[in-house]
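Below is one structure, written out as structure tokens, with a few remarks after it.
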Amino acid sequence: MWRALCRSTCVFESDPQIPMDLQGSTRDICVGRMECKDIAAETLYDVLHDIEYRKKWDTNVIETFDIGKLTVNSDVGYYAWKCPKPLKNRDVITLRSWLPMGADYIIMNYSVKHPKYPPRKDMVRAVSIQTGYLIQGRGVKSCSITYLAQVDPKGSLPKWVVNKSSQFLAPKAMKKMYKACLKYPDWKQKHNPHFKPWLFPEQSTLPAVALSELSIQHADSLENIDESSLSETKDDRGEGSDEDSVN
């Protein structure tokens, strides 16, 4: 647990209580929960949606963009992220949907195939089996977030990567998100403050995507990369600083 800004637990393990249709093949599930004081639920919801702001605070992102929309509350997007050296970086194409429920919000995604965005040669195409956020309002300026990720990184990973992800990278990412939420209202006032297509779908300029263009991305159809023998790079500082500024 870490207490400086919020309370969080992150578990990365197989859970026998989770049905097999959710567990998939051999993929583990990472679950994290964080209490966010001084942050309204709607602010956290905006931060998770605002792709331009993510490029400012998410130091792991290499490239991210929206591809198109299916409905007023679902779209398809691309996200590529840095992996701990010397592993290859990963990317993913996901179908995402979201739903406001009064003071609470849900965002979920899973991997799909899009004909215009096949796997890249310089990336390993990962698979989001099921990933999502549940944001629960706890008053005017307080909320909690529960994060669930079941991702197949497509490869045999070294044990140190799994340990680092669950014990360090995941909690640190949640901490960065918390700090980003504190700065978001001021940042948004200076950057197209009224543009929030996730709340006002009439603002969206994304092209329409037909469901028939997409298909579920199954992990077994992608190349499996064996990186299990790779050793951690001593000078790896790929996660960035907690003091990264947002301007």
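No lab work stands behind these numbers, since they all come straight from the coordinates. Predicted, not measured: the structure shown is a model, and the values here were computed from it. In this analysis, Cβ positions are derived from the backbone assuming ideal geometry, glycine residues included, and neighbour counts consider all displayed protein chains.
Show me 105-118, 38-51 ranked by packing, highest mean number of other Cβ atoms within 10 Å first.
Values: 105-118: 17.1, 38-51: 20.4.
The packing order, highest mean first, is 38-51, 105-118.
For the pairs Lys55/Lys183; Lys82/Lys113; Lys69/Lys116, flag any whose C-alpha to C-alpha distance is greater than 19 Å.
Distance filter (> 19 Å) returns Lys82/Lys113.
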So what are the ³J(HN,Hα) numbers for segment 129-140, from phi and the Karplus equation (6.51, -1.76, 1.60; θ = phi - 60°), rounded to whole Hz, Gly and Pro as x? 6, 6, 9, x, 10, 10, 9, 10, x, 10, x, 5
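So if we plug the beta-carbon distance of Val140 and Ala210 into 1/(1 + (r/R0)^6) with R0 = 35 Å, what FRET efficiency do we get, rounded to 0.05?
Details: r = 41 Å, r/R0 = 1.17.
Taking R0 as 35 Å, the efficiency between Val140 and Ala210 is 0.30.
Which order, highest average first, do 175-187, 191-203 follow once you tally other Cβ atoms within 10 Å for each residue and take the mean per peptide? Intermediate values should be presented prior to the final figure.
Details: 175-187: 18.2, 191-203: 12.7.
Peptide ranking by packing, descending: 175-187, 191-203.
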